[in-house]
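Each remark here refers to the structure printed beneath this line.
The values are calculated or read from the model by the stated rules, or taken from the named source; none is laboratory data. Every value quoted in this text rests on a predicted model; they were computed, and no experiment measured them. Neighbour counts are summed over all protein chains in view; Cβ atoms, including those assigned to glycine, are modelled from backbone coordinates with ideal geometry. Accessible surface areas use protein heavy atoms only, side chains included; no ligands, DNA or RNA. Shrake-Rupley method; radii C 1.70, N 1.55, O 1.52, S 1.80 Å.
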Amino acid sequence: MLALLTGYFGIWFGVMLVSTLLFTLRRGTIPAPLAEPLPRVSILIAARNEESAIGRCLSAIRALDYPAELVEVLLGDDGSTDHTRVRAEDVMQGYGGLFCCISIHETLGTARGKANVLAHLARAATTDFFFITDADIAVPRTWLSGMLAYARPGIGTVTGLTIVRGPRLFDRLQGLDWLLSLSLVQVVTDLGKPVTAMGNNMLVTREAYEVTGGYEALPFSVTEDFELFKATVKHGFSFCNVFRPEVLALSLPIATPLGLLHQRRRWLRGVEALPWGLKLGLLIYGNFYLGVLALAWVAGPGPALAALGGKMLAQGLLAAIVFRRVGLRAPLELLPAFELYTIWLTVSLIGFRLLGRRFDWKGRTYS
């Protein structure tokens, strides 16, 4: 038993250290000069009861350093029962580009929820580049130019970078969680493995979108961004993940622990659709605490605490490198609390999954 645990922790720490080394040494794809003249682009935003967040989102879009006359902003109001539309129209009054708020009433094909909203918005878009973000996201000024620099011929999707930002400890732990996770996704993506795209910070070309038939032709999924990403890859398009500060968007945090569990359960639906090799890797990575418990039972608390300390050091090293890469200070003081947060999240999600709990997203319930 001890030999098996030694092998497991050897693999875990080996993968973490190799990932850290690969991330440290990565050069990334070199951005290409933007086309002249600059292309027109469409920004697609699905919104449902986002009265409190939509002003922040649209104010950031108004501040983009891209010529407003080349931008059309399409907001899909998905049956909101608050003042989302009124707030959006108020913020965008006098905008130099095109702004249109579209009320979503009909269902297109197989699309549901956010996918259905985006299907409507894509049909209304008049450009060759669809930038997709969420109502709780504030994109950086350089977002459009930063993403377009990687939209080369043959590339169907470009995925930017997002971090959670908020003042509370719970908010900051989510931010650390996001950026560490996205750094590991970046390492796998750099190895040429299609992992996922992120629908709150994503560019898809019209050509790639239309060849899939659009969201109305794709199987319904609560992780609609991953479903679209898979379809573009299946049709021969390449992809690019950009880990740079010019595409770093800020997300509002999930307010409550229960809300976070519903979000992560939704994300797990996408994980369940990954190739078996990636799922095996995630299984090894995610079972660290079970390994620690087994080690404490077999060898006592000392080795178990040493393994936990080693995990904190390894994650701290990766965090220091990752945050510096995007011009942020790594919150290393959060590492002890982050372990408790991760244990809680892991155990709670296992219970959530085993109990077959339905999860809520934007006021709709999914199984």
Subject >> Residue list for segment 110-140, restricted to those being in a loop (DSSP other than H, G, I, E, B), closer than 18 Å to ALA208 by Cβ and either open to solvent by 40 Å² or more (accessible area, probe 1.4 Å) or aliphatic (A, V, I, L, M) (or both) >> reply: ALA111, ALA125, THR126, ASP128
Subject >> Matching entry among GLY199, GLY236, GLY175 (being open to solvent by less than 10 Å² (accessible area, probe 1.4 Å), of a type in the set (Gly, Ala, Ser) and at pLDDT 95 or above) >> reply: GLY175
Original post:
Looking at LEU252, LEU248, which one is in contact with a Ser or Thr (Cβ under 8 Å, 6 or more places away or on another chain) and either crowded, with 17+ Cβ neighbours inside 10 Å or aromatic (Phe, Trp, Tyr) (or both)?
Top reply: LEU248
Original post:
Out of all the residues in segment 5-24, is one or more assigned to a loop (DSSP other than H, G, I, E, B), within 23 Å of the chain's Cα centre (by Cα) and among the aliphatic types (A, V, I, L, M)?
Top reply: no
Original post:
If you scan segment 201-225, which residues turn out to be within 15 Å of the chain's Cα centre (by Cα) and closer than 19 Å to ILE155 by Cβ?
Top reply: ASN201, MET202, LEU203, VAL204, ASP225
**OP:** Scan segment 309-327 and give yes if some residue there is modelled with pLDDT of 90 or more, more than 21 Å from the chain's Cα centre (by Cα) and over 30 Å from ASN241 (Cα atoms), otherwise no.
**Re:** yes
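Of these, ARG26, ARG56, which one is out of contact with any Lys or Arg (no Cβ under 6 Å at 6 or more places or on another chain), more than 30 Å from CYS101 (Cβ to Cβ), of a type outside the set (S, T, N, Q) and touching a residue at least 12 places away in the same chain (Cβ under 8 Å)?
ARG26
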**OP:** Hey, can you tell me all the residues within segment 79-97 that are buried (at least 19 other Cβ atoms within 10 Å of the Cβ) and modelled with pLDDT under 95?
**Re:** SER80
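Out of the residues in segment 35-69 that are hydroxyl-bearing (Ser, Thr, Tyr) and over 20 Å from LEU148 (Cα atoms), state the one that is surrounded by the most Cβ atoms within 10 Å (Cβ to Cβ).
Checked segment 35-69; the qualifying residue surrounded by the most Cβ atoms within 10 Å (Cβ to Cβ) is SER52.
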Original post:
So which residues in segment 273-294 are part of a helix (DSSP H, G or I), of a type in the set (A, V, I, L, M) and either at pLDDT below 75 or open to solvent by 50 Å² or more (accessible area, probe 1.4 Å) (or both)?
Top reply: LEU278, LEU280, LEU282, LEU283, ILE284, LEU290, LEU293
